[in-house]
Structure formats: C-alpha cells, structure tokens
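Colleague: Pasting in a structure now, in structure tokens, and then I'll have a few things to ask.
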Amino acid sequence: MKIGELAKRSGCKAVTIRYYENEGLLPAPERSEGNYRLYGPKDLDRLDFIMHCREHGMRPPEIRELLLFRDKPQRDCTWVANLVDAHIADVDVRIASLEHLKKHLERLRCACGGEREGEACGIMRSLDDRSCCASCERQPAAL
C-alpha cells in the first residue's frame, strides 16, 4: 500500500508517517518504480504500536527503545516498568500543577460578578496589577 492508504488505515497523517521514518521508528519502505513508498501489514502493525505509545505519552527515543525490545526481547522488562513509573510521576506533577492553576483561576473568578465595566472589573484589575491579585504568591522582580 502507498503512504495515503497507510495513513487512512492507521488514522495517522502521512507527514507523521514520514517523520517516524526520519526518526528511525519505521524502517525505510520499499519504493515503487515511480518512487512511491510501499508499505505492508508489518508496517501498519508497527505504526499502530508507535501511535499507541504516543497516546501514552512516550517520546520518540523511548519508543525506539521499546521497538528494539519488541523486536528482540532478550532482557528482562524491568526497565519498561521503570519507564512507565517515570511517566506516572510526570503525570502526577502535571496534575498537581493543573490543580494549583485551577485554584488560582477560581480565586480570580471570585474577584468579579461580571456586571462591572472596564476598570471596575476585579478580574481585569488583578490581571493588570499583580499586587491586587490575592491568588498570586510571586511578586514582580525588582528592577
């Protein structure tokens, strides 16, 4: 199949498929006489694996290692569990950061009832002047 068909079957854009090839995640495909890329079922399977890894937050270098292990699983998989543990820890940090941001936004939202105009708006005052913002812990840097 050509790249358009692979893209359609996998749900992955052709430009992303080319990127995965350039990153060494997908092997260089065979070429037709007209120099079109030609892919087979193994390429579709590998692309599905790559996309599934991406959906779980894996980066290309990590996927490359996972693919090497997938192709030749000659060592124990403890490192795979450690990789997932590191991603879980990263997600925990991002969740904490988002919860912190949500609290700040909720406090900011309480600064205005929505019926005031321009300068009288508490949200706008807080966004314009950090010292008015009860949510902001950091003060502007001294010049």
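The values are calculated or read from the model by the stated rules, or taken from the named source; none is laboratory data. Not measured: the values here are computed from a predicted model. Here Cβ is always computed from backbone atoms with ideal geometry, including for glycine, and neighbour counts include all displayed protein chains.
Condition check ((1) touching an Asp or Glu at 6+ places or on another chain (Cβ under 8 Å); (2) in a helix (DSSP H, G or I); (3) at pLDDT 85 or above; (4) not assigned by TED's automatic domain parsing to the domain that holds Arg9) across all residues:
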site: Asp48; (1), (2), (3), (4): no, yes, yes, no
site: Glu62; (1), (2), (3), (4): no, yes, yes, no
site: Val91; (1), (2), (3), (4): no, yes, yes, yes
site: His100; (1), (2), (3), (4): no, yes, yes, yes
site: Arg107; (1), (2), (3), (4): no, yes, no, yes
site: Arg116; (1), (2), (3), (4): no, no, no, yes
site: Glu119; (1), (2), (3), (4): no, yes, no, yes
site: Ile123; (1), (2), (3), (4): no, yes, no, yes
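Colleague: Within the range 33-42, is there a residue that is more than 25 Å from Met1 (Cβ to Cβ), over 23 Å from the mean Cα position of the chain (by Cα) and either among the β-branched types (Val, Ile, Thr) or surrounded by 11 or more Cβ atoms within 10 Å (Cβ to Cβ) (or both)?
Modeller: No.
Colleague: Do you know which of the residues in the range 53-78 that are under 17 Å from the mean Cα position of the chain (by Cα) and more than 16 Å from Tyr19 (Cα to Cα) is surrounded by the most Cβ atoms within 10 Å (Cβ to Cβ)?
Modeller: Going through the qualifying residues, I end up with Gly57.
Colleague: What are the pairs with Cβ atoms under 6 angstrom where one residue, in the range 17-31, is assigned by TED's automatic domain parsing to the domain that holds Ile50 and the other, located anywhere, is in a loop (DSSP other than H, G, I, E, B) and among the aromatic types (Phe, Trp, Tyr)? Sequence gap at least six, or different chains.
Modeller: Hits for this filter: Pro29/Tyr39.
Colleague: Another one. Would you pick out the residues in the range 3-16 that are loosely packed, with under 13 Cβ neighbours inside 10 Å, in contact (Cβ under 8 Å) with a residue 12 or more places away in the chain and β-branched (Val, Ile, Thr)?
Modeller: Answer for the range 3-16, where residues must be loosely packed, with under 13 Cβ neighbours inside 10 Å, in contact (Cβ under 8 Å) with a residue 12 or more places away in the chain and β-branched (Val, Ile, Thr): there is none.
Colleague: When residues of the range 20-46 are filtered for being over 13 Å from Arg64 (Cα atoms) and either out of contact with any Leu (no Cβ under 9 Å at 6 or more places or on another chain) or assigned to a helix (DSSP H, G or I) (or both), how many remain?
Modeller: Within the range 20-46, the subset over 13 Å from Arg64 (Cα atoms) is 28-45.
From what is left, the residues that are either out of contact with any Leu (no Cβ under 9 Å at 6 or more places or on another chain) or assigned to a helix (DSSP H, G or I) (or both) are 28, 33-36, 38, 40-45.
Qualifying residue count, the range 20-46: 12.
Colleague: Among what's in the range 125-143 and is in a loop (DSSP other than H, G, I, E, B) and among the charged types (D, E, K, R), pick the residue that is modelled with the highest pLDDT.
Modeller: In this case the residue turns out to be Asp129.
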